[in-house]
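Heads up, the thing below is written out as structure tokens.
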Amino acid sequence: MSIENGVWIMRGMAWNDPYRIRSWQEIVSWIKEVGFLPLFGNDIAGFSAEEHTAPDYWWTGNREQDPWEWREIIAADREVAYGKFFDKKAGFISVEWLPYFANFRRYGYDFDARWEDGLASRREKKIMDFYVGEDENGDTCFKDDMILSTELKKLAGFGGGKKAEGERLRNYAGIVTQLQMETYLVIVDFKKRVNKRKEEYGMPVSIMLPPESVWGYETVTSAYSEDPRASWERIMNRVRELYPGASESSIMNLIGKEPHS
């Protein structure tokens, strides 16, 4: 996706191209095969869902053919993870590869440990408090409350509405994007808002959860025993294998830089 002369241009394949992706199920199969996939085109040619779908059907509202609609179906299906994982832009990660992303992006930290070590911001914690708590034994538990992101923004004290700790918190969109980049949150559904008359209105709004609430703590953290740099190298090597012509800088722009020692 790019802007040319002020117009959004979608890259894709001709309708009759035999290699064109024709359904959301085909995208899921491809994600499971390659491990992870950005939604939109980027500096690595061919490495996106956009470039393998019909460009004329984006944002048409056609659930059968519109890849923008497919992302909602895929998120709710939960066979793969969906969120802003690639250079703060949307994409998918298979459950097989999610632990390596979690280990690399989190540097082996669960969120509560990150907070205790002073590595998480207060704004991040305001959001994560709605998803991570303690059970009756004092052990960490992951909640599965399905909160619309618009409602979460208000509840956490961002922007308008109730003040949090004496001031309104800012940059909600940036904070939730960062939490997705760090794999502490994934998008699991989209729902429309409901007015006082119980009528749906507007565009569908995302619903987020910790991946631990979806696929289990043991699965998500199963690569914690590995050095985060080794997980990063696995991911980098996978892209190199799939796209040998891609430059190192373009891969790192998408995946992220090597974690510090």
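Which values of log₁₀ I(q)/I(0), to two decimal places, follow from the Debye formula for segment 130-261 at q = 0.18 Å⁻¹ with a uniform point scatterer at every Cα? Evaluating at q = 0.18 Å⁻¹ gives log10 I(q)/I(0) of -1.16.
Here the chain is described by how far its Cα atoms reach on the three principal axes: 56, 53, 34 Å, from widest to narrowest. By a 1.4 Å probe calculation restricted to protein chains, Ser249 has an accessible surface near 70 Å², given to the nearest 10. Per residue, the chain exposes 51 Å² of accessible surface when a 1.4 Å probe is rolled over the protein heavy atoms with every protein chain present. Expressed as a whole percent, the accessible area of the chain that falls on carbon and sulfur atoms is 47 (1.4 Å probe). Between Phe36 and Ser94, the built amide H atoms are under 5 Å apart, and every one of these is 5 or more places off in sequence or on another chain.
Descending by average beta-carbon neighbour count within 10 Å, the peptides 148-157, 193-202 line up as 148-157, 193-202, the highest first.
Across segment 199-208, rounded Karplus estimates of 3J(HN,Hα) from the backbone phi angles (6.51 cos²θ - 1.76 cosθ + 1.60, θ = phi - 60°) give 9, 6, 8, x, 7, x, 10, 6, 10, 10 Hz, Gly and Pro being marked x. Per-residue surface analysis assigns Tyr109 an accessible area of about 60 Å², computed on protein heavy atoms at 1.4 Å probe radius.
Rounded to the nearest 500, the helix-only mean residue ellipticity at 222 nm of the chain stands at -10000 deg cm²/dmol, with each DSSP H run of n ≥ 4 adding -39,500 (n - 2.57). Annotation: peptides 207-213, 51-57, 252-258, ranked by per-residue average of other Cβ atoms within 10 Å with the highest first, follow the order 207-213, 51-57, 252-258. Among Lys84/Lys196; Lys32/Lys126; Lys88/Lys154, which pairs are too far apart, with a Cα-Cα distance over 25 Å? Cα-Cα > 25 Å for Lys84/Lys196; Lys32/Lys126; rest within.
If you sort Trp59, Trp70 by accessible surface, 1.4 Å probe, largest first, the order is Trp59, Trp70.
When only the Cβ of Lys, Arg, Asp and Glu is charged (+1, +1, -1, -1), the dipole of segment 85-189 relative to its Cα centre reaches about 840 debye. Counting only residues at least eight positions apart within a chain, or on another chain, the lysines with an alpha carbon under 18 Å from that of Lys89 are Lys257.
The values are calculated or read from the model by the stated rules, or taken from the named source; none is laboratory data. Note that the structure is predicted; figures quoted are calculated from it, not measured. Glycine also receives a Cβ, built like all others from the backbone with ideal geometry; neighbour counts cover every protein chain displayed. Surface accessibility is based on the protein's heavy atoms, side chains included, excluding ligands, DNA and RNA. Shrake-Rupley method; radii C 1.70, N 1.55, O 1.52, S 1.80 Å.
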